[in-house]
Every structure is written in structure tokens, then in C-alpha cells.
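Every read-out reported here was derived from the displayed coordinates using simple, explicitly stated rules and does not represent laboratory data. Model, not experiment: these values are computed from the prediction. Cβ placement follows ideal geometry from the backbone for every residue including glycine, while neighbour counts extend to all protein chains displayed.
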Amino acid sequence: MRRLLFAANWKMHLGPADARGYLDAFLPSYAPHADREVWFFPPAVSLEAVARAIAGRPDLRAGIQDVHWEPKGAFTGAVAVPLAAQAGARAALVGHSERRHVFGETDAETARKVRAVLGGQLAPVLCVGETLAEREGRTTIEVVRRQLGAGLDGLDGGTLDRVVIAYEPVWAIGTGRNATPQDAAVVHREIREWLSKRGAGVTRVLYGGSVNLKNIDELLRERELDGVLVGGASLDPDGWAQLVSTREL
Ligand code: PEP
């Protein structure tokens, strides 16, 4: 059984003290649910604070928003996988659309990061998704297949099962305009087919892009979605506790 996964991407918000305050509010209002996990991706400086606050809650996990592929060295400003792990990370976002489109990260760099994350025994959350121009040009599936191929090529089924895929159409991130559950499901099915052809069986496929309290019910009713990756709506601890409690058993 694939457990539902709710992932919070805090982007460049919530420093260590804010993160502790957030979890002081969140933890008492969210008891573990057997069918789901909640992962937090704080800024790197807040990773240790988050990891400490959630210690003892196996349903919760801390992760890093980006990594460098080298394990150490002269890469000013970058964070290596072993350093993130030492701070408490057990997962890493890779290829988030802001890394690709704001910072110019290439498919080749994304591939190196996925391997570094797997090598460090963290769970990679590989983000894929098309721009508005690509959607309008009807190349969504082509783009997503290319990103999957670049990021995951050569990995066997068992390894692919350790990866999480987040389908995040670029035009839906931070815009207030989410994909419909039906549109997301079309892409999710393609992703699942791509994975199963390579022997994967339980890889989780999340949807991300303007998910909030108003649309989460409808999105999760679509069984192709194994969960969601959420930016803006994850920043308020009370709202997030409510969102991650959606679709009770
Ligand atoms: C994201 O950062 O991955 C994201 C989906 O952001 P938002 O929920 O704000 O669209």
C-alpha cells in the first residue's frame, strides 16, 4: 500500500526560531494517521530545528530543498547531501521548478543530484512539470518524459521505488491556478506507466501547484494522486494541520 504523502515546501520562509514556533503549534493539532506521512522542507538553516522538533514522530520527516551533487568541497553556498543528513534531512527536493527556471538548473544537474541523494540514503522527491508555453504547445507529456528520463535513467525498479515524483506544472506554482484533478491524473498515469516499464511498483506520485484548503478534497478524490507538494498553503501551521488531515480513514 502506498501511504499518502503531504509535503510542505517552505521555500525561503521560516528561520529556525519561526520553525520551532510553527511546530509548537502544528504538533499538538496533528496526531499521526496510519495512512499518511507529512514531510517538511524548510530552508537549510532551519533543518536541524525541524528535525529536532519532530523527533519521535516516525510519520513526520524533514528534508532539504536542494543539494549539491558533490559530497564535499569548495562550493560556496551549496549544501552537500551528507551535511544535510547530519542536520536531520531524510529527503531532498530535486529539480523544483524554481531551481530549474529561476536558477537555470539543467536536466543533467538534476540527474547528478538524484544520484547523490540516493547515495546518501535520503529519499529524492524529483519535481517535473511543463511551462504554460509547453502545455499550450501540447508537449506536456514529452517534457515530463524527458525530465523523468534525464533524472532517473538507468535506475532499477527497486531504486525507483525509493524515489517520489512530484508533478508540478510550472504555470500552477504560486499562481492560485491549480491543475484540475483530471488534468493531473492524465500526467500521473503517464508517469506511472514510465515507472512501471522500468520495474517500479510503489513509487509515489504527488501533485503540486496552488494546492490549498479549498481544492485539497477534490484533488485527493482523484486516486491517481498519492499526495501533494504544497508551498504557500503550508506556511500557516493551523491551516496545514487541517490540510494534512483531509480524507480521514
Ligand atoms: C511548490 O513550491 O512546490 C508549490 C507547489 O507552491 P504553491 O503550493 O505555492 O503553488
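Using a cutoff of 8 angstrom between alpha carbon atoms and counting only pairs six or more residues apart, the relative contact order for region 139-249 works out to 28 percent.
If you look at the Cα atoms of region 94-249, you get an Rg and a Dmax of 15.0, 42 Å. The alpha carbon radius of gyration of region 116-160, expressed as a multiple of 2.2 N^0.38 Å, is 1.39. Once the mean of 1/r is taken over each pair of separate Cα atoms and inverted, region 34-77 shows a Kirkwood hydrodynamic radius of 12.1 Å. Across region 1-69, counting alpha-carbon atoms alone, Rg and Dmax equal 12.0, 37 Å.
Relative to the globular-protein estimate of 2.2 N^0.38 Å, the Cα radius of gyration of region 77-126 stands at 1.09. For the chain, the share of DSSP beta bridges that are antiparallel, to the nearest 5, is 0%. For the chain, the mean residue ellipticity at 222 nm estimated from helices alone is -11000 deg cm²/dmol, where every DSSP H run of n ≥ 4 contributes -39500 (n - 2.57) and the total is divided by all residues, rounded to the nearest 500. For region 1-156, the direction-averaged projected area of the alpha-carbon convex hull comes to 10.7 nm². Ordering A166, V143, V94 by the projection of their Cα atoms onto the charge dipole of region 82-173, which places +1 on the Cβ of Lys and Arg and -1 on the Cβ of Asp and Glu, puts V94 at the extreme positive end.
Measuring against 30 Å, Cα to Cα, the residue pairs K113/K214; K11/K113; K72/K197 contain K113/K214; K72/K197 as the ones spanning a longer distance. Take every pair of alpha-carbon atoms less than 8 Å apart whose residues are at least six positions apart; their mean separation over the length of the chain yields a relative contact order of 20 percent. Using alpha carbons only, the radius of gyration of region 71-169 set against its Kirkwood radius gives Rg/Rh = 0.99.
Here the Karplus curve 6.51 cos²θ - 1.76 cosθ + 1.60, taken at θ = phi - 60°, turns the phi angles of region 175-189 into couplings of 9, x, 10, 8, 5, 6, x, 5, 5, 4, 4, 4, 6, 4, 4 Hz, with x standing for Gly and Pro. Take each peptide in 103-109, 86-92, count the other Cβ atoms within 10 Å of every residue, and average; sorted highest first, the result is 86-92, 103-109.
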